[in-house]
Amino acid sequence: MKIDLLYVIKQFPIVLSYLNVTLKITILSMIFTILLSLIITIIRYYKVRILTPIINVYIDVFRGTPLLVQLFFIYYGFAQISSFFRNMDAINAAILGLTLNAASYTTESMRSALEAIPKGQTEAGLSVGMTRLQVLYHVVLPQAARVAIPVLSNDFIALLKNSSMAFTLGVREIMGQATLLGNGSFKFFEAYLIVVIIYFCISKLINIGQKKLEKYLYKQGGS
Amino acid sequence: MIRVEGLKKSFGSLEVLKGISFEINKGEVVAIIGPSGTGKSTLLRCLNYLEIPDEGIISIDDITIDASKIKKREIYCLRRKSAMIFQNFCLFNNKTVSENITLALEVVQHKNKAEVGEIASDVLRKVGLEDKANEYPSKLSGGQQQRVAIGRAMALKPKLMMFDEPTSALDPYLVGEVLSVIKRLTKEHSITMMIVTHEMSFAKDVADRIIFMDEGHIIESGTPNQIFNSPKEEKTKQFLNHYVEEK
């Protein structure tokens, strides 16, 4: 069997036109993930009563089950017991699932970054009269951010790749579109090659962004 | 001015401070000496609540707290009376030298930018680091970092300055510059100071009073002359003898 490169070139723009859906899922999930995991991380950092054990259960569950199962459980499972989920769009369910999943990983990355900052930094902050939150905001978080960026950008690349799962909920993004093309033409190799190229390029872009950001933060402060 | 009564602190089953009591007058410079692991640093850390004492009364300036029933607000009030210089400097790594000095002034004391900038350059002049204002701590030597830390503490205008072995993390040839900054400080200002140190000649030189601690107790306290030349307690004699031999 020979490879139909012309098909790849012709269909590329069609698949690419669904990139906005992939990006929408990825970027929104990313934003929600940052917010959610930041809150979770700070709650765990201070060992807030009641909330911390609940969060630990959540993390255990979401790290201990496959993403695909989580997405199906949210979109098809919960739909049977709650009208809120029944009326939810597939794309929103995907964003919700991806966020909950990714946050259970990124909170660990953030925690290890926070713990990498020497205790003396906090003590020095307290000793000059700052409150714990002020120390966190002015001293610890900016330093932790620098440590966290390489790990977090890995988490975000994983999130981008996982966004392809949205297609299993019937969202037509680049993976969904490529599958449709393949089904229609039986040119699966060509159709999926397009998706491989697109995902790879975006991952690379995130990677470059990470390097730039690291360099910028390095210039912003010392070590 | 400073009064501590019956201060106790345990780490698990290990009792580090076994009921410490003392008073320090305004402007007095007190050096605390003694073998390692006898609670000297813990004592300082309890005074600004970096360690939480189990019981005892701490009174600095017009604030008096009782460790057994302290409120969060009181902790912050107590801390604002004092400043601490740490063994390993603990400058804020993400801030420049001058930001290290100004951060607490802005955030805690709510001073405005212009005022704060003046204080910073004044303080940096005093510790001899005007030219380093915009450097980050990682670019400085240990001695320079510690001088910035001293500057950071001075800028707060605390009632009490506490030095927790300020030179023990430094190369021998950097010790001098830090000690001379502290020495100058003891002469220029009338800030009350507590200095935990293993530099005996320095303690002798700058302190108005020496406190000798061993195994969680204050064994003896007196003028440098008293302690170094005619110690009353056997333990003090032993410690000082040992020290002379080591040197």
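Per the conditions (1) surrounded by fewer than 19 Cβ atoms within 10 Å (Cβ to Cβ); (2) of a type outside the set (Lys, Arg); (3) facing chain A (nearest Cβ under 9 Å), the sole criterion not satisfied by B:Leu103 is (1). Residues that are part of a helix (DSSP H, G or I), more than 14 Å from every other protein chain (Cβ to nearest Cβ) and either touching a helix residue (DSSP H, G or I) at 6+ places or on another chain (Cβ under 8 Å) or closer than 13 Å to B:Thr96 by Cβ (or both) within region B:116-135 comprise B:Gly117, B:Ser121, B:Leu124, B:Lys126, B:Glu130, B:Asp131, listed in sequence order. Select from region A:81-103 the residues that are touching a residue at least 12 places away in the same chain (Cβ under 8 Å) and either touching a Ser or Thr at 6+ places or on another chain (Cβ under 8 Å) or over 28 Å from A:Ile43 (Cα atoms) (or both) and list them in ascending order. Residues satisfying the conditions are A:Met88, A:Ala90, A:Ile91, A:Ala94, A:Ile95, A:Leu98, A:Thr99, A:Ala102, A:Ala103. Going residue by residue through region B:34-47, is there one that turns out to be within 14 Å of chain A (Cβ to nearest Cβ), out of contact with any Asp or Glu (no Cβ under 6 Å at 6 or more places or on another chain) and on the phi > 0 side of the Ramachandran plot? No, that holds for no residue. Go through region B:43-62 residue by residue and tally those that are touching a Lys or Arg at 6+ places or on another chain (Cβ under 6 Å) and β-branched (Val, Ile, Thr). The qualifying residues number 1.
Only one residue in B:Lys157, B:Lys183 is under 24 Å from B:Lys40 (Cα atoms), without any contact (Cβ under 8 Å) to a residue 12 or more places away in the chain and surrounded by fewer than 20 Cβ atoms within 10 Å (Cβ to Cβ), so which one is that?
B:Lys157
Apart from one condition, B:Pro53 fits all of (1) surrounded by fewer than 20 Cβ atoms within 10 Å (Cβ to Cβ); (2) assigned to a loop (DSSP other than H, G, I, E, B); (3) touching a strand residue (DSSP E or B) at 6+ places or on another chain (Cβ under 7 Å); the exception is (1). Filtering B:Ser138, B:Ser82, B:Ser68 for residues that are of a type in the set (Gly, Ala, Ser), surrounded by fewer than 16 Cβ atoms within 10 Å (Cβ to Cβ) and facing chain A (nearest Cβ under 9 Å) leaves a single hit, B:Ser138. Taking region B:140-217 as the region of interest, the helices (runs of 4 or more DSSP H) fully inside it that hold 1 or more residues being under 20 Å from A:Gln121 (Cα atoms) are B:142-155. Figure legend. Inter-residue proximity from region B:35-55: first residues touching a residue at least 12 places away in the same chain (Cβ under 8 Å), second residues assigned to a loop (DSSP other than H, G, I, E, B) and among the charged types (D, E, K, R), beta-carbon distance below 6 Å, spacing 6+ or different chains. Indicated pairs: B:Thr38/B:Glu215; B:Thr42/B:Glu51; B:Arg45/B:Glu51.
Hey, could you check region A:125-140 for residues that are in a helix (DSSP H, G or I) and without any contact (Cβ under 8 Å) to a residue 12 or more places away in the chain and say which is farthest from the other protein chains (Cβ to nearest Cβ)?
Taking the candidates together, the pick is A:Leu133.
Quick check on region B:80-106: of everything there that is in a helix (DSSP H, G or I) and touching a residue at least 40 places away in the same chain (Cβ under 8 Å), which residue is nearest to A:Gln121 (Cα to Cα)?
Filtering first and then ranking leaves B:Asn100.
Could you identify the single residue in B:Gly19, B:Gly34, B:Gly6 that is closer than 19 Å to B:Glu215 by Cα and in contact with a Phe, Trp or Tyr (Cβ under 6 Å, 6 or more places away or on another chain)?
Result: B:Gly34 is the single residue among B:Gly19, B:Gly34, B:Gly6 that is closer than 19 Å to B:Glu215 by Cα and in contact with a Phe, Trp or Tyr (Cβ under 6 Å, 6 or more places away or on another chain).
Determine whether A:Ile9 is aliphatic (A, V, I, L, M), under 19 Å from A:Ile194 (Cβ atoms) and modelled with pLDDT of 95 or more. Criteria not met by A:Ile9.
The values are calculated or read from the model by the stated rules, or taken from the named source; none is laboratory data. Just so we're clear, the structure is a prediction, and the values are computed from it rather than from any experiment. Don't worry about glycine lacking a Cβ; one is built from the backbone with ideal geometry, like all the others, and counts go over all protein chains shown.
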